[in-house]
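Computed from the coordinates by the stated procedures, all read-outs in this text should not be read as laboratory data. Nothing here was measured: the structure is a model prediction, and the numbers come from that model.
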Amino acid sequence: MARDFTDLMNQLKDQKIDQFEVGPDEFQAFQKAYMAFDTRKRVIGQAHKDGKLIYRYDHDTGDQG
């Protein structure tokens with residue numbers, strides 16, 4: 001069963017989780033949810049070995065000085 005990537009991104013946004021991993025076999029499902037996510041530009045991915053991606057949320061609002 002495919003994971004609910006929209007829910008995972010909302011958990012990142014709400015600071016319920018710090019990160020989640022997406023494997024190469026899940027990327028197409030993730031990409032569909034990512035493109036529909038309203039604050040997707042704040043969801044930051046970092047590539048790792050074997051095509052794995054770790055996603056985190058940028059909570060910095062940019063309101064500093």
Tell me whether region 5-57 comes out rounded, prolate or oblate; compute the Cα gyration tensor, take square roots of the eigenvalues as a ≥ b ≥ c, and use a/c under 1.5 as the rounded threshold.
oblate
What are the ³J(HN,Hα) values, in whole Hz, obtained from phi via the Karplus relation 6.51 cos²θ - 1.76 cosθ + 1.60 with θ = phi - 60°, for each residue of region 18-31 in sequence order, with x given for Gly and Pro?
8, 6, 8, 10, 10, x, x, 6, 9, 4, 4, 5, 4, 4
